[in-house]
Amino acid sequence: MTRPIAISPLHLGIAAAALVVVTGGAGFGLASLQHPSTSPAAMDSASKGKVLYWYDPMVPAQHFDKPGKSPFMDMQLKPRYAGEGDPDQGGVQIDPSRLQNLGVRLASVERGDFTDAFDAAGSLDFNGRDVAIIQARANGFVQRVYARAPGDVIAAGAPIADILVPSWGGAQSEYLAVKQTHDPALEAAARQRLVLLGMPAGLIDSVSRTGNISNVVTITTPVGGAIQTLDARQGMTVSMGQTLAQVTGLSSVWLTASVPEVQAGRVKIGQPVTAELTAFPGETFTGRVSAILPTTQTDSRTLSVRIELPNKGGKLRPGMFATVHLGGNSNQALFAPSEALIRTGKRTLVMLADGKGRFTPAEVQTGRENGDRTEILAGLSEGDKVVASGQFLIDSEASLSGINARPLTPMSPHAANMAAGPSLYSTKGVIEQLKGDSITLSHDAVPAIGWPAMTMTFKLSPATLAKGMKVGDHVSFGFVQKPDGPVIEQIKPMGAMQ
């Protein structure tokens, strides 16, 4: 017989509480299954929109319909969301709000006056054309040497040594005897004999005037300057033609400048030059190019250019260093900041900005350099925006993403300039400005020389070629490429020029 179990009110309370806990846990588990928590990746995906396809950043042209690993590289595929830029278009996309944090700074490609001037290092040297070789004019003995030494600076006419010439005594005696005959022909012949023996004209005159025999001659320097060599010593025997001293003049000096090989074509004989020396701060010296030496230094790839400088007062000393400023002509050119260029060794790149946060590497052809600017011969147009700071970071990202640089056009303006004969190129445009013998046009592309559509200034030949035309006129025109820039030789209102 089963006895009934007595349940106390305390037991009933505990059971009820347990039932509430179990029911609540089951409800929470059901809610969790029905509404799973959203992962950060899912939230990010939801915020970016619908995934159109997946792609490998190294091969962006290949699309995949589901995520996974790339068959080309050991890396995860990346999704492309609706509204994002197509990776096939190339370029690196950066949120404009992050550009300042990355230190990205943009600069414009401009067209303006570009001067051929550049600087080179140089040093002073003696003028090799202003040299006097002092020699013995007859066999004799050095009787006296004046207080001279190599390196001394002496004036013109300064004595070097006294030479005793024994053979002159007998010849002078014969001359004086012939003179007593008062026969002009014989006297002239005897005098000529003294000249052939090497006797100076001044000494012959002295003998003729005084009647005294003098066989000691003082050797002097014909030019003032620095003694380079001095080989006369008291008591030594000298022979006719023996060099006693060598003196180099100081009225002018040579400044030898080391010009980089790439700049050699911009140096011409007779070109004016200015120089600054550290020994004379704030002072400028002017001269002209007197010679371009025929050989190039193979180790430094520089050409030696000789400049002759006047040396007033003898203050310029050989051995001093100088900064040489070689000026040139100024002409119109397209240029970009030099700091924007990425030189890889095989080519030169810039990072082009489209103004919407996308950056594309582009290959360019460079020309002259002037200060912090570099001439752009091909690859860019006036008004383009390039990255002047932070471009190496963007270029690294472009390389990692497999983005190819925009190549150069087959025919650059520079190549057109170098072509044989001035070819006439035709296109159409709108007059933006007329000023003197120049005209500014917004013109269409010129495929023959690789020019895109752009606004630029041309010279008119003749200056009255655009007479009667005004700003805003649509014209067709023909121009030729010249060393100082493009020149319009034909221009007519639209439709009038065949």
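The values are calculated or read from the model by the stated rules, or taken from the named source; none is laboratory data. Because the structure is predicted, anything quoted here is derived from the model rather than measured. We place every Cβ from the backbone using ideal geometry, glycine too, and count neighbours over all the protein chains shown.
In table form, for the structure just shown:
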quantity: Conditions (1) of a type outside the set (S, T, N, Q); (2) modelled with pLDDT of 85 or more; (3) touching a helix residue (DSSP H, G or I) at 6+ places or on another chain (Cβ under 8 Å); number of the one not met by Ile449; calculated: (2)
quantity: Test: Asp231 is closer than 30 Å to Phe126 by Cα, free of Cβ contacts under 8 Å to residues at least 60 places away in the same chain and outside the structural domain of Asn311 (by TED's automatic domain parsing); calculated: yes
quantity: Inter-residue pairs, beta-carbon under 6 Å, first more than 22 Å from Arg191 (Cα to Cα) and in the stretch 143-172, second hydroxyl-bearing (Ser, Thr, Tyr) and exposed (fewer than 14 other Cβ atoms within 10 Å of the Cβ), 6+ apart; calculated: none
quantity: Answer residue from the stretch 298-314, given it is among the β-branched types (Val, Ile, Thr) and surrounded by 18 or more Cβ atoms within 10 Å (Cβ to Cβ) and is nearest to Asp384 (Cα to Cα) among those; calculated: Thr302
quantity: Any hit, the stretch 266-278, residues being in a helix (DSSP H, G or I) and farther than 26 Å from Ile227 by Cβ; calculated: yes
quantity: Enumeration of residues in the stretch 314-342 that are over 30 Å from Thr248 (Cβ atoms), at pLDDT 85 or above and not aliphatic (A, V, I, L, M); calculated: Phe335, Pro337, Ser338, Glu339
quantity: Any chance Gln135 is out of contact with any helix residue (DSSP H, G or I) (no Cβ under 6 Å at 6 or more places or on another chain), modelled with pLDDT of 75 or more and assigned by TED's automatic domain parsing to the domain that holds Thr220; calculated: yes
quantity: Selection count, the stretch 56-79, where residues are modelled with pLDDT of 75 or more and either assigned to a strand (DSSP E or B) or assigned by TED's automatic domain parsing to the domain that holds Ser396 (or both); calculated: 6
quantity: Selection within the stretch 398-413 - surrounded by 15 or more Cβ atoms within 10 Å (Cβ to Cβ) and either over 14 Å from Pro447 (Cα atoms) or at pLDDT 70 or above (or both); calculated: Ala398, Ser401, Gly402, Ile403, Ala405, Arg406, Leu408
quantity: Options Val104, Val153, Val92, Val142: the member that is modelled with pLDDT of 90 or more and either crowded, with 18+ Cβ neighbours inside 10 Å or under 33 Å from the mean Cα position of the chain (by Cα) (or both); calculated: Val142
quantity: Residue in the stretch 481-494 that is outside any strand (DSSP E or B) and modelled with pLDDT of 90 or more present; calculated: no
